[in-house]
Amino acid sequence: MKFLLNLYLNAADLPGEGPDHEEFLGAAARTGELISGHAFADPSISAVVRVRDGVVAVSEGPYPRASDHVAVQYLVDCESRERALELAALIPSGRAGGVEVRPVMDSAGMEM
């Protein structure tokens, strides 16, 4: 089953040099569970595109307006939800903002 691990951090606490996730990366890579990972730029330079009644509106800045934002995403392929939760617990930055563990659907719906 595939899971998306979304690491939430306060924009003021975003890592400058990149995330310190060696334990997680080592464990997930050793077992072949890590598919990909991405660290995101500061949310203040993002944009949100909305289309309402055919009218496109672009607003600058993060969506939603909140103190915590997704800073890093990892895609993992695990045997179970419990294993995905174990891997998420290895991410040290998650202790600050939290790590959301979300199942990924395939074209037929939920894999589970």
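Values quoted throughout were computed directly from the atomic coordinates according to the rules given, and no laboratory measurement underlies them. These numbers come from a predicted model, not from an experiment. In this analysis, Cβ positions are derived from the backbone assuming ideal geometry, glycine residues included, and neighbour counts consider all displayed protein chains.
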Item to check | For the range 2-103: rounded, prolate or oblate by the Cα gyration tensor [a/c cutoff 1.5] | outcome: prolate
Item to check | Net +/- balance of residues flanking residue 28 in space, Cβ distance below 14 Å, scoring K and R +1, D and E -1 | outcome: -3
Item to check | Amide H partners (placed H, <5 Å) of residue 98, local residues excluded | outcome: 8
Item to check | Restricting the range 59-94 to GluC sites (Glu not before Pro) in coil, as DSSP defines it, with at most 11 other Cβ within 10 Å | outcome: 79
